[in-house]
Amino acid sequence: MEDKRLGVVGIVVEDLGSAAQINAVLHEFAALVVGRMGIPCRERGVSVISLIVDGENDHISAMTGRLGRIPHVTVKTALTKNQGGAHATEGV
């Protein structure tokens, strides 16, 4: 079993018609999601979703890969470098 990592996933949705596909993927990987915040930017016709995730790197990558293959969706991820998150916040 791989060590867990903690991180943030940013999702930019440029076509709200993709929402059902995004929610289906997030439901499938719900065990990874510690927190979720979605902000609609109506004046731009875009939504931004931020996720706090905690899980194995392979599982997080599988989720973000599936999300990134949805048309009009951009995904970026930042994860702790230290496996298990030990000392990840040191100096902050």
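Only residues that are assigned to a helix (DSSP H, G or I) and over 25 Å from Glu56 (Cβ atoms) were counted across region 1-31, and they come to 5.
I want to confirm something. Restricting to region 27-56 and keeping residues that are buried (at least 16 other Cβ atoms within 10 Å of the Cβ) and not aliphatic (A, V, I, L, M), which single residue is farthest from the chain's Cα centre (by Cα)? Residue satisfying both the conditions and the ranking: Ser47.
No lab work stands behind these numbers, since they all come straight from the coordinates. Here the structure is a predicted model, which is why all the values come from computation and not from measurement. As a convention, Cβ positions derive from the backbone with ideal geometry for all residues, glycine included, and neighbour counts pool all protein chains shown.
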